[in-house]
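Trainee: Supplied in structure tokens, the structure appears directly below.
Just so it is clear, none of the values below were taken in a lab; they were calculated from the coordinates. On a predicted model such as this, the values are computed, not experimentally measured, just so you know. Here Cβ is always computed from backbone atoms with ideal geometry, including for glycine, and neighbour counts include all displayed protein chains.
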Amino acid sequence: MQTIKTDSLTSEEKISVILGELFQSFGYVRYNMTKFEEYSLYGENKDFLSNGNVITFLSGDGKMLALRPDVTLSILKNTNATKINSEKVFYIEKVYRYDKETKSFKEISQAGVEMLGNVDRASIAEIVVMALNSLSALSDDFVLDISNISFVKGMFDGYGIDMSLRRTLTKFLKDKNLHEVDNLVSQNMISDEFASAFKTLISISDKPVAALEKMKKLIVTDEMQKAYEEMSELFDVLKGGKDIEKIRIDFSVESDFNYYTDIVFCGYIAEMPKAVLKGGRYDALAYKMKKDIGALGFAVYVGDAANVRHSAPKAITVILSDGDTKGVFGAAQKLRAKGERVRIARNMPKDVAIDKIYRYDDGKLTEVKND
């Protein structure tokens, strides 16, 4: 049987194959699902979705179904994982989400992993390595930003920050907005001491060693200390590994305090202005869905990555012929067997890049100069 070359695949298909092989190399098992899910799953967890709009319809038995806008919720709903028996799965799926810019629904290709059950520190390190390897498969120029929600929450608790203020401060953190923090001080809504510490947190965007030193000076609660120790251990395990220099601790990583716990991260490649990979630990979502387990994973936006990796098609060989179908077909097959891309044409094609040109006459090929 002839081996199918990945050159015949689209950029999106190539990335999916590469990531699928990567995930399997870590012992993750392919998870397949239907396109449809009962709407109640998404209706009850709208806050977890980036946008609450969902395509719905009635099934033949009268149930309200939804075209899947998210994979994590479906996997979490159907998992049999426990704190004793964990599950490690990966997926390559399409999701359907509303796009605010185009004001229409889009089909989005995703590939990702979910680790459900006993999420220990070794599992966290493994997921981070998988995220690094995934980004490396997409580009040579990438960065993985890592944050820790528990460290931020511990700071809010330690300084007695009112719940109504936390959402505002979290937005300032995401936007790296130091000026608005000073405005809150002038309005006597936060103390000078907290403002100074919080502005230091906002300003952290460093490689692990430097960032951890800054974090250590900010610790005021046991929760912050625990988060700091977990981050320190993680980077000690990863130290010296491939692409460790691509990691940056940055607390502006966007995350939802209602669902995520501890580590969260985003991956970027140079060619894209937005994150191409997002993930983190979401135990709170598992508990909300009555699953007493740890949950950790990430998704790669394959379609977006494929768009930036798209390149011009490779040049082909053209055989010009106006007769002897059997002969020219056989000549083309011989060239294809040698690995060439061959098109038979009566006239010079204008829609492709051309490497070599042959004319087939009297049972033989004659190369024509490509001007």
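Trainee: Going by how many other beta carbons lie within 10 Å of each one, how would you line up Thr325, Thr170, fewest first?
Mentor: Thr325, Thr170
Trainee: Next up: Can you compute 3J(HN,Hα) from phi for each residue in the range 167-175, using the Karplus curve 6.51 cos²θ - 1.76 cosθ + 1.60 with θ = phi - 60°, rounded to whole Hz and x for Gly and Pro?
Mentor: Result, rounded to whole Hz: 4, 4, 5, 5, 5, 4, 5, 4, 8.
Trainee: What does the charge count around Ser25 come to, taking other residues whose C-beta lies under 15 Å from its C-beta (Lys +1, Arg +1, Asp -1, Glu -1)?
Mentor: Result for the local shell: +1.
Trainee: Restricting to Cα atoms and excluding each atom paired with itself, what does the Kirkwood estimate give for the range 316-368 in Å?
Mentor: One decimal place: 10.9 Å for the Kirkwood radius.
Trainee: Next question. Measure off 7 Å from each Cα along the Cα-to-Cβ vector at Asp141 and Lys350, then give the distance between these two points in nanometres to one decimal.
Mentor: 3.5 nm
Trainee: Another question, then. Does the range 211-259 come out rounded, prolate or oblate by the C-alpha gyration tensor, with a ≥ b ≥ c the root eigenvalues, rounded set by a/c under 1.5 and, if not, prolate when a/b is larger than b/c and oblate if not?
Mentor: Verdict is oblate for the range 211-259.
Trainee: Here is a follow-up. Taking the mean number of other Cβ atoms within 10 Å as a proxy for protection, how do you rank 195-201, 316-322, 117-123, 335-341 from highest to lowest?
Mentor: 316-322, 195-201, 117-123, 335-341
Trainee: If I take every Cα pair under 8 Å that is 6 or more residues apart in the range 316-368, average their sequence separation and divide by the length, what percent do I get for the relative contact order?
Mentor: For the range 316-368, the relative contact order is 48 percent.
Trainee: Same structure again: Give a residue-ordered list of calculated ³J(HN,Hα) values for the range 176-182 (Karplus: 6.51 cos²θ - 1.76 cosθ + 1.60, θ = phi - 60°; whole Hz; x for Gly, Pro).
Mentor: 6, 9, 6, 4, 5, 5, 4
Trainee: May I pose another question? Report the calculated FRET efficiency for Glu21 and Asp182 (r = Cβ-Cβ distance, R0 = 56 Å), to the nearest 0.05.
Mentor: Working from the Cβ atoms, E equals 0.65.
Trainee: Which cross-chain or sequence-distant (5 or more) residues have an amide H under 5 Å from the amide H of Ile357, H modelled 1.01 Å from N in plane?
Mentor: Val318, Val368
Trainee: Are any of the pairs Lys83/Lys246; Lys94/Lys242; Lys217/Lys239; Lys14/Lys207; Lys174/Lys217; Lys153/Lys176 more than 24 Å apart by Cα-Cα distance, and if so, which?
Mentor: Lys83/Lys246; Lys94/Lys242; Lys14/Lys207
Trainee: Net charge within 13 Å of Lys83 by Cβ-Cβ distance, Lys/Arg positive one each and Asp/Glu negative one each, not counting Lys83 itself?
Mentor: -3
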